[in-house]
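To start, the structure itself, in structure tokens.
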Amino acid sequence: MAAPSLRRATAAEAAALRDLEREANLVALAHVFPPDEFPYPDEAVLARWRDVLDDPAVRVLVAEDAHGLACLVAFDTRTIRHLAVRPDRWGTGLARAALDAADRLAGPSQLWCLRDNHRALGLYEHLGWRRTGREQAAEFPPFPVEVELTRPSPDLESRRE
């Protein structure tokens, strides 16, 4: 299968980015953010996406298909800030392709992931990311725990071999 085509998101796509993130979160994280108790914070997430898209230090890449946005990754030179894949595209390699693109363009080596986001943690750890032991509260109620992950730089890894 050919690698998906990723392009830079535009400022006009803030709502579409929010919608993709919401769709993925409602499936993957319903056990963390039960929607009946903690409705998705649409306006706060939309405002965050507008800020991210306005930040010149951050790149946001997207992949799309006939149904709209299928994947997003937001990153700067240090951190993967957001990664989301539409649930009907899970397991297709989009997340890996997005992380590979971020690595080629900026080489971020840190990210934060919800401790109870088992699917995402499995992917990151499979790709060589490791937990640092640092934790923090997530930004939205009920403020679940996020864990920090880092990955060694390729230069450091090649020196160890």
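Key figures
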item	result
Cβ-Cβ under 8 Å pairs, at least 6 apart or on other chains, the range 33-51 side closer than 18 Å to V145 by Cα, far side hydroxyl-bearing (S, T, Y)	F33/Y40
Test result for V27, β-branched (V, I, T) and touching a strand residue (DSSP E or B) at 6+ places or on another chain (Cβ under 9 Å)	no
Any strands (runs of 3 or more DSSP E) falling wholly within the range 38-150 and containing at least 3 residues that are touching a Cys at 6+ places or on another chain (Cβ under 9 Å) and at pLDDT 95 or above	59-65, 79-85, 145-150
All positions within the range 74-91 that are in contact (Cβ under 8 Å) with a residue 12 or more places away in the chain and more than 18 Å from R22 (Cβ to Cβ)	F75, D76, T77, R78, T79, I80
All positions within the range 115-147 that are polar (S, T, N, Q) and without any contact (Cβ under 8 Å) to a residue 40 or more places away in the chain	T132, Q136
Complete set of residues in the range 65-88 that are within 18 Å of D100 (Cα to Cα) and in contact with a Pro (Cβ under 9 Å, 6 or more places away or on another chain)	A70, C71, F75, D76, T77, R78, T79, I80, R81
Answer from R96, R131 - the residue that is more than 15 Å from A24 (Cα to Cα) and over 14 Å from the mean Cα position of the chain (by Cα)	R131
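The values are calculated or read from the model by the stated rules, or taken from the named source; none is laboratory data. Predicted, not measured: the structure shown is a model, and the values here were computed from it. We place every Cβ from the backbone using ideal geometry, glycine too, and count neighbours over all the protein chains shown.
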